[in-house]
Amino acid sequence: MPITKHYSTCALDCPGACALLVNIEDRQLKSIKGDTEHPFTQGVICGKVSRYADIQNGKRISTPLLRVGTKGDGEYKEISWDSAMERIVEGIQSATKKHGPESILPYNSSGTMGIIQKQAIDRLGNRAGFSRINDTVCYSIGFSGWQAGVGKAIGPNPTEISDSDLVVLWGINAATTHITLMHHVKKARKKGAKLIVVDPYRNKTAKIADQHIAPLPGSDGALACAMMHVLLKEDFANWDYLQKMTDFDGDLLAHLEEKTPEWAAPLTGLSTDEIINFARSYGEAQAPFIRVGIGMSRQNNGAVNIHSVSCLPAITGAWEKKGGGALFATGDGFHVNKEPVLQNKWRKKKVRQIDTSLLGQALIDDNLEPPIAVLLVFNGNPAGSLPGLNKVHKGLQREDLFTVVHEQVMTDTARYADIILPATTFLEHEDIYKSYGQTTLQYAGKLLPPKDEARCNHDMVNDLAIRLGYNDEAFTFSSAEMIKQVVAASNYPPIKQWTNEQWLECAPSWEDSHFIKGFPQKDGKFHFYPRWSNPDMPPVPDHWAVNRRDNILIKNRYPLDFMLPPANEVLNTTFSSSEKINKKRGGPKLMLNPIDAKSRNITDGDTIQVFNDLACLTLKAQVTTAVRQGLSLCEINYSGDEFPEGISLNALSHDNWVAPNGGPAFHDNRVEVELVKP
Ligand SMILES: Nc1nc2c(c(=O)[nH]1)N[C@H]1C(S)=C(S)[C@@H](COP(=O)(O)OP(=O)(O)OC[C@H]3O[C@@H](n4cnc5c(=O)[nH]c(N)nc54)[C@H](O)[C@@H]3O)O[C@H]1N2
Ligand SMILES: Nc1nc2c(c(=O)[nH]1)N[C@H]1C(S)=C(S)[C@@H](COP(=O)(O)OP(=O)(O)OC[C@H]3O[C@@H](n4cnc5c(=O)[nH]c(N)nc54)[C@H](O)[C@@H]3O)O[C@H]1N2
Ligand code: SF4
Ligand SMILES: [Mo]
């Protein structure tokens, strides 16, 4: 059989949204490469997706499954699609009769980022009046911080990084999480640019940087304020810019005059020299580009920190330079109209919303009215990815909860399902994709037949809606027709006119992306004053001392900071079921500084337990100077199977509500670690 080549787009939740070239032979995936013609991808994709055959051709869920064992043990028998759907309809109808439609909660997350597939369930939810999710798990804290200053998730085109003379990757582990960006950083470095990484640990990106600045977790607000102090004091400020383009004033100047490097040093764990020199490097650069990561926002004070960092280019006017400025995300540069998919016109005003970061609390709340009686999970693995994981697992164990999971592979969540439905992969259905890290809208066709009885989210939702008795036209369109409707409703040209019928450049103009004529705020100015909706938050850029490390009681009880950032080999929990990848990773490890290890009698490779008030997990020690004394860290994600406790690392992360709009503070934890005696 000849090998055929096809265009596609990576559907995974990653800022790259890479343009792909897919090789297929005999209706089987052979290999995936990056598309060299695409303006952002430029041929560079990650190792995970180049090995996507591990998932595509690996152990899949291929038929509907009915639970026959106890919840959580993973024993199932195959049933027909019709019989599975009949049971789901019965579950939904009996819950509706007993508690009303809000007792049904569709939970979708970010397995596929496709516009047609990701939120297909909202169409049915809006029609039937089901409870809705408020999806805060990824973006909410960071976006709130960015919005406070800049206004919208837009900024200089990331390809412009190659024109910068100082690239600062601040709280973003791009060598792991956004490899395509590193290709553009590399181009800048070839022309002489310096790369500075700001991150509490020596991650994969810091290892290859010219300079690594390692502040204490949650101290970026202090660092940015002290840098502004130096920039103002040493004449690096652009007063014209401050006056014309921002709300900077004398009160703010007085505030920043107090934020000295001496003030910031103990808060950040950095020396005054490190802070001053970093500020000078920033001030001296012609076109410094700060790429702000979502990772640094996952702190209780994360929104304040992101906002404070976004103030730096406003002090120097770097926003106006080619190759300069800052970028958090690109998503608001698109004007996609999802109404055909969502049918928000049906939305009932007062429908209950459940915050995804607090799902566990909602599932176990005996006083919740109405209770969650049916949980429909698509596109996500909440039993692995959410904070407060013990509560999520406890909730999923409820005998009176009817859980349906639509999945490609067996996951920690699917193990609790009453019914599992087989889902297609992005190579088996079609969709269009925007991106939160680059600027093209892309199309990806259906390249392979669905695995056995697998169906895509779109078809599954339409089937369920019709079986529930909704005869609306919106449930009758094919994915292809839906794509056409969305493209037309968004006023984009038809796909036939896109480059290679594959992508459409949607970048804002140079002027708009550099805010030359003003910022997307009501007064057109950059806001140094964040105007938080929450009065507890500091009214100016500052260090906001609300993290667990700021609480002396917690600090004394649990002496180590504990962070849980993503690992290189997996994407969220996707790929964590692959035996090959798990073998390569070699089981969960906790990074511990040699001094902390020694004082606990721990050596590299020892079995240890890590614990706090929430949980205690057993894993191996990795003794390393990649973390400073007092910081411990595990790169996620491992499935619960990898721990004797049967639950994974987010059992140690807290699910408190984070200001101003909710979200998970995955990296704001304190723990103690102990050697397990042989
Ligand atoms: N400790 C810690 N926890 C974190 C994070 C962290 O940094 N640290 N990151 C957080 C972030 S940023 C995010 S976005 C969340 C992500 O959390 P989730 O969205 O739960 O992401 P995944 O764990 O990858 O789960 C996605 C699932 O969707 C399935 N899937 C893929 N495509 C499809 C499809 O087309 N249809 C259906 N039905 N299923 C599909 C995949 O097989 C996979 O099991 O995790 C969060 N959790
Ligand atoms: N390989 C891989 N790639 C991924 C993912 C994955 O799971 N694996 N997930 C995808 C998803 S859903 C998302 S949202 C993106 C996220 O990608 P990024 O924006 O890169 O975010 P993270 O990797 O979560 O965290 C980045 C860094 O933030 C650091 N950090 C934590 N707290 C602080 C702090 O207080 N200050 C500073 N300066 N740094 C801090 C962490 O140590 C980490 O190295 O990545 C996507 N890409
Ligand atoms: S880098 Fe991100 S977008 Fe690109 S192929 Fe890998 S996971 Fe997909
Ligand atoms: Mo995310």
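Quick grid of which residues meet (1) at pLDDT below 95; (2) within 16 Å of ligand 2 (Cβ to nearest atom); (3) crowded, with 24+ Cβ neighbours inside 10 Å:
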site: 339; (1), (2), (3): no, no, no
site: 360; (1), (2), (3): no, no, no
site: 363; (1), (2), (3): no, no, yes
site: 367; (1), (2), (3): no, no, no
site: 372; (1), (2), (3): no, no, yes
site: 381; (1), (2), (3): no, yes, yes
site: 395; (1), (2), (3): no, no, no
site: 406; (1), (2), (3): no, no, yes
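Just one of (1) polar (S, T, N, Q); (2) within 22 Å of residue 216 (Cβ to Cβ); (3) touching a strand residue (DSSP E or B) at 6+ places or on another chain (Cβ under 8 Å) fails for residue 246. It is (2).
Scanning for something within 16 Å of ligand 2 (Cβ to nearest atom), surrounded by 20 or more Cβ atoms within 10 Å (Cβ to Cβ), in contact (Cβ under 8 Å) with a residue 60 or more places away in the chain and within 26 Å of residue 370 (Cβ to Cβ), does the stretch 139-146 turn up at least one residue? So far as the stretch 139-146 goes, yes, one or more of its residues are within 16 Å of ligand 2 (Cβ to nearest atom), surrounded by 20 or more Cβ atoms within 10 Å (Cβ to Cβ), in contact (Cβ under 8 Å) with a residue 60 or more places away in the chain and within 26 Å of residue 370 (Cβ to Cβ).
Residues that are of a type in the set (Gly, Ala, Ser) number at least 1 in the following helices (runs of 4 or more DSSP H) confined to the stretch 339-448: 359-364, 382-385, 389-396. Taking the criterion of being closer than 29 Å to residue 135 by Cβ and within 16 Å of ligand 1 (Cβ to nearest atom), the residues of the stretch 23-47 that qualify are 32, 46. A single member of 572, 637, 650 is at positive phi, within 16 Å of ligand 4 (Cβ to nearest atom) and crowded, with 18+ Cβ neighbours inside 10 Å, and it is 572.
What pairs can you find where one residue is in the stretch 573-591 and touching a residue at least 40 places away in the same chain (Cβ under 8 Å) and under 12 Å from residue 48 (Cα atoms), the other is open to solvent by less than 60 Å² (accessible area, probe 1.4 Å) and aromatic (Phe, Trp, Tyr), and their Cβ atoms are less than 7 Å apart, with a gap of 6+ or different chains? Between residues of the stretch 573-591 that are touching a residue at least 40 places away in the same chain (Cβ under 8 Å) and under 12 Å from residue 48 (Cα atoms) and residues that are open to solvent by less than 60 Å² (accessible area, probe 1.4 Å) and aromatic (Phe, Trp, Tyr), the close pairs are 576/638; 581/575. Go through the residues of the stretch 625-638 one by one and say whether even a single one is touching a Cys at 6+ places or on another chain (Cβ under 8 Å) and among the β-branched types (Val, Ile, Thr). No, the stretch 625-638 contains no residue that is touching a Cys at 6+ places or on another chain (Cβ under 8 Å) and among the β-branched types (Val, Ile, Thr). The condition of being crowded, with 16+ Cβ neighbours inside 10 Å and within 16 Å of ligand 3 (Cβ to nearest atom) holds for only one of 492, 470, 443, that being 443.
Only one of 276, 290 is open to solvent by 20 Å² or more (accessible area, probe 1.4 Å), in contact (Cβ under 8 Å) with a residue 24 or more places away in the chain and more than 16 Å from ligand 1 (Cβ to nearest atom); which? After ruling out the rest, the residue left standing is 276. The set of residues from the stretch 586-627 being of a type outside the set (Gly, Ala, Ser), open to solvent by less than 60 Å² (accessible area, probe 1.4 Å), under 29 Å from residue 213 (Cα atoms) and assigned to a loop (DSSP other than H, G, I, E, B) comprises 588, 593, 600, 602, 612, 624, 627. Of the numbered criteria (1) more than 16 Å from ligand 4 (Cβ to nearest atom); (2) open to solvent by 20 Å² or more (accessible area, probe 1.4 Å), the one residue 631 fails is (2). Exactly one condition in (1) modelled with pLDDT of 95 or more; (2) under 22 Å from residue 578 (Cα atoms); (3) within 13 Å of ligand 3 (Cβ to nearest atom); (4) buried (at least 20 other Cβ atoms within 10 Å of the Cβ) is not met by residue 33; state its number. Result: residue 33 passes all but (4).
Report yes if residue 267 is in contact with a Pro (Cβ under 9 Å, 6 or more places away or on another chain), outside any loop (DSSP other than H, G, I, E, B) and modelled with pLDDT of 95 or more, otherwise no. So residue 267 fits the description; yes. In the set 554, 516, only one residue is touching a helix residue (DSSP H, G or I) at 6+ places or on another chain (Cβ under 6 Å), over 30 Å from residue 47 (Cβ atoms), open to solvent by 30 Å² or more (accessible area, probe 1.4 Å) and of a type outside the set (S, T, N, Q); that residue is 554. Taking helices (runs of 4 or more DSSP H) as the structural unit, those lying wholly within the stretch 93-181 and holding at least 2 residues that are out of contact with any His (no Cβ under 7 Å at 6 or more places or on another chain) and over 30 Å from residue 521 (Cα atoms) correspond to 120-128, 174-177.
From the list 644, 664, the lone residue that is under 29 Å from residue 147 (Cβ atoms), of a type outside the set (Gly, Ala, Ser) and modelled with pLDDT of 95 or more is 664.
The values are calculated or read from the model by the stated rules, or taken from the named source; none is laboratory data. Not measured: the values here are computed from a predicted model. Methodologically, a virtual Cβ is constructed for each residue, glycine included, from the backbone with ideal geometry; neighbour enumeration extends over all protein chains shown. Note: areas computed on protein heavy atoms with side chains; ligands, DNA, RNA excluded. Shrake-Rupley method; radii C 1.70, N 1.55, O 1.52, S 1.80 Å.
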